[in-house]
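The values are calculated or read from the model by the stated rules, or taken from the named source; none is laboratory data. Nothing here was measured: the structure is a model prediction, and the numbers come from that model. Cβ placement follows ideal geometry from the backbone for every residue including glycine, while neighbour counts extend to all protein chains displayed. For the accessible areas, the whole protein counts, side chains as well, though only heavy atoms, and no ligand, DNA or RNA atoms are used. Shrake-Rupley method; radii C 1.70, N 1.55, O 1.52, S 1.80 Å.
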Amino acid sequence: MANNNMMKKKMVCLAIVFLSMGLVARVSGENELIVLNTENLSLVMEVDDRGVLLHRYFGKRLQDPSPFLSKTLYRTDEYGTRNEAYSTMGGKNFREPALRVTHHDGDLNTELRYARSERMIDHDKNRSELVIHLEDTKHPFRVKLVYRAYRAEDTFTMHAEIENGEEGEVVLGNYYSFYLPVEARGYWLTHFHGIATTEMSVVEARLTPGMKTIQSRKGLRSTHSENPSFLLSLDGPLRENGGEVIAGALAWGGNYRINFDLDEFGTLNISAGINPYASEYRLSPEETFVTPEMVFTYSARGAGDASRNLHDWARKDGLYDPAAIRPVVLNSWEGVYFDFDEKVLREMIDGAAALGIEMFVLDDGWFGNNYPRNSAAAGLGDWQVNKDKLPGGIDALARYAESKGVKFGIWIEPEMVNPRSDLANRHPEWIVKAGGREVPTRRNQWVLDMTNPEVQDFVFDTFDSVLKLSDRISYVKWDANRHIESVGSAWLPPERQSHFWVDYTRGLYKVYERIREKYPDIIIQACSSGGGRVDYGSLKYHQDFWTSDNTDAFSRAFIQYGTNLVYPAIATGAHFSHVPNRHTRRIIPAKFRMDMAMTGRLGFEMKLADLTSDEAAPIKKAIAQYKQVRDIIQFGDLYRIVSPYDESGYYALMYVSKDKKRALFFAFCLDYKGYLSTVNFKLNGLDGDTSYRIRELNNEKPAFWAEGRNIDGDFLMKEGINPNLQNIYQSMVLYLEASQDGSKPEEKGKQQTSTATVIHTEEF
Ligand code: GLA
């Protein structure tokens with residue numbers, strides 16, 4: 001019987017290795033499978049006998065998915081229990097719809113049916129794209145689901161392209177990018193929350209029936225509060241090195257929403273995309289709405305593996321210029337704030353040069369003349385060099401930096417305006433405001449209306465004119481220090497005011513596209529009061545992000561741990577700064593601060609002249625060491641060894657080069673756990689058959705017992721090592737390098753102890 005069914009039904013399974021492009025012919029009444037594979041994962045959909053696209057499977061790669069064609073579901077369709085691949089309002093669907101449309105004739109229903117699909121494979125044979133064409137049963141209304149599979153990275157992306165072929169306007173209510181039904185016995189959601197200074201705090205909870213939503217309605221600084229990303233653990237709480245995990249992140253820097261809708265049948269329906277909040281979007285006839293991309297992955301080996309997949313994807317396609325080494329930066333903000341002149345900045349550059357720092361970034365405060373930017377109260381929008389502070393101009397400073405072997409960068413916040421500015425006087429119509437209502441300020445500033453093409457030109461011109469201040473500018477810190485409320489646009493017509501949230505972000509991205517066209521080589525850092533713009537939509541245009549204004553190394557253990565669950569270290573700005581810390585008032589030893597900053601894209605945030613001579617020399621050495629090993633941090637695999645949330649009181653992590661020949665181990669003591677307490681860390685990600693020579697970095701007098709020894713990866717991963725970190729704020733960095741001598745374990749055993757060693761081993 002099953003075989004008969006199989007004969008009748010048709011399976012379409014195209015292996016990723018085949019370069020294939022074409023249509024999947026479909027005969028009505030037959031079921032088809034559509035399979036998209038990566039190296040280790042499969043995504044399986046089925047077109048049922050009525051042409052509905054169903055989701056069937058997402059997980060470890062299946063050798064043969066064809067039994068899905070006969071695997072009985074048992075549940076009737078009575079209650080809308082079928083797992084649609086992209087659910088709509090209409091038919092028997094009672095779940096949160098991925099798509100909800102009011103058609104031109106007022107019809108609120110949409111019932112999509114499969115029309116055809118196409119596949120393409122990239123030249124490097126690593127990325128394959130599957131486009132599934134769906135059509136409404138009643139209206140000429142079409143949806144393309146675009147899936148991309150990244151073979152080596154075991155990662156997928158998905159987005160939708162929604163096309164109005166009707167004779168009148170349609171209104172999109174929900175228009176999510178991503179929809180995924182998941183079936184497990186229980187679901188544990190890990191997600192992120194936090195405001196400026198507590199970004200990416202990690203929280204986990206078991207999902208209960210009903211809907212859990214993570215979202216932003218702030219328009220800007222959209223990753224303060226929550227982040228559009230998650231890790232979902234199936235059948236038990238999230239584990240680092242085991243268990244089934246689905247991880248996802250939405251590539252959108254505007255209002256987003258991710259829903260986890262646990263229905264009465266135990267299915268968890270995940271939908272993710274632009275937040276429908278006050279965002280009904282009108283589509284004219286023949287217009288197509290392209291939703292942002294959702295990136296997602298699966299692992300049966302826990303959070304560590306899922307993070308590494310996302311990092312690998314980001315370093316392939318998610319970040320701007322992913323293959324370039326990131327420089328060591330000195331940013332002026334915490335060192336001088338608004339209070340500087342040329343002499344002060346030259347001293348900062350001298351300090352940077354003396355320590356081997358590669359990039360000096362002049363932060364806020366360098367512009368405005370009628371309304372000088374001497375505090376956050378005035379000047380935003382007036383991007384001319386302040387003549388009192390910098391009479392020689394930016395070029396003189398940039399040349400000075402160059403003469404010292406340091407590159408030059410500059411801060412801008414081009415989407416904003418202070419009421420006290422020439423720009424606000426000149427263009428009141430450019431300000432985001434609900435006409436006739438009070439226009440509230442935040443941080444004394446208003447937001448410019450990026451839906452307006454004139455404003456887009458202004459923002460582009462701002463970037464362009466700032467870059468023209470010197471042809472030696474190679475880095476721009478792009479800030480955005482408020483979110484949006486009292487939304488309204490003088491540009492958008494009344495019936496399209498609800499386009500504001502979407503069109504703001506689209507307007508911004510249009511500007512970025514123009515900037516990247518003209519300035520492909522400039523490093524642009526995403527900053528939004530710290531980590532308010534940490535998302536894969538923004539990162540497409542940015543090499544790195546400012547993780548948090550909180551540079552306290554203790555807080556950073558939590559912030560960077562959370563951030564790196566989803567976003568890679570190469571993009572994670574981590575700066576050494578003054579003590580007491582400006583936010584927390586904590587006084588943390590320089591070594592710990594330095595070690596923590598080295599776990600990301602290293603930088604500094606202080607007047608280097610304030611370093612004591614005891615601090616400066618080791619820091620100089622540590623910077624030199626960082627440069628030698630940063631490729632491991634920036635391009636290697638992250639293995640989290642102990643979470644800072646763990647009650648052990650430690651934070652430990654490793655980076656391992658892709659060839660497993662070099663690795664770094666970082667351990668930090670965050671809490672005192674008692675006299676003579678000692679902790680052992682099992683390393684991870686090494687090659688068990690390789691022997692590694694161990695060397696401590698950033699320590700003038702290494703006293704660790706393993707210093708200079710060769711120890712097998714096997715031992716390091718099974719037994720582990722025990723750096724003697726007993727006191728709060730002690731830390732250690734170890735550099736492991738595959739030893740060249742090829743010595744046998746017994747010989748190494750002899751090297752490792754000064755007394756005679758006898759190893760009795762029984763061979764079986
Ligand atoms: C924000 C940023 C800081 C700094 C200031 C300047 O707060 O996060 O790093 O650039 O703005 O005003």
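Worth pointing out:
- Charge context of T198, other residues only, Cβ under 13 angstrom, K/R +1, D/E -1: -3
- Here is the list for the range 335-399: trypsin sites (Lys or Arg not before Pro) lying in DSSP coil, each with at most 14 other C-beta atoms within 10 angstrom of its C-beta, are K387.
- Cleavage-rule hits, chymotrypsin sites (Phe, Trp or Tyr not before Pro), the range 73-123, DSSP coil, Cβ neighbours within 10 Å at most 10: Y74
- Carbon + sulfur, % of accessible area of the chain - ligands and nucleic acids excluded, 1.4 Å: 50 percent
- The chain, helix-only ellipticity at 222 nm - DSSP H runs n ≥ 4, -39,500 (n - 2.57), divided by all residues, nearest 500: -6000 deg cm²/dmol
- Principal axis dimensions, largest first and in whole angstrom, of the range 640-752 by Cα: 40, 27, 25
- Sorting the Cα pairs of the chain by distance into bins of 20 Å, from 0 upward, gives 16, 46, 31, 7, 0 percent per bin.
- Modelled FRET efficiency - R0 30 Å, V344 with R586, Cβ distances, 0.05 increments: 0.70
- Take the Cα of R442, step 7 Å toward its Cβ, do the same at A205, and the gap between the two points is 2.3 nm.
- Loop-resident GluC sites (Glu not before Pro) (DSSP state other than H, G, I, E or B) in the range 354-442 with no more than 16 further Cβ atoms inside 10 Å of their Cβ: E438.
- Taking amide H as placed 1.01 Å from N in the peptide plane, G236 has its amide H under 5 Å from the amide H of W188, each at least 5 places away in sequence or on another chain.
- With protein chains left intact and a 1.4 Å probe, residues in the range 640-752 average 48 Å² of accessible area per residue.
- Rounded to the nearest 20 debye, the dipole size of the chain about its Cα centre is 960 debye, using +1 on the Cβ of Lys and Arg and -1 on the Cβ of Asp and Glu.
- Cut-off under 5 Å, modelled amide H: who pairs with F141 long-range: D136, G165
- Dipole orientation for the chain: of the candidates I694, N444, T584, I694 has the Cα lying most toward the positive pole (charges on Cβ; Lys, Arg +1; Asp, Glu -1).
- Solvent-accessible area per residue for the range 329-635 (1.4 angstrom probe, square angstrom): 33 Å²
- Cβ-derived FRET efficiency at R0 30 Å, D614 paired with D464, nearest 0.05: 0.10
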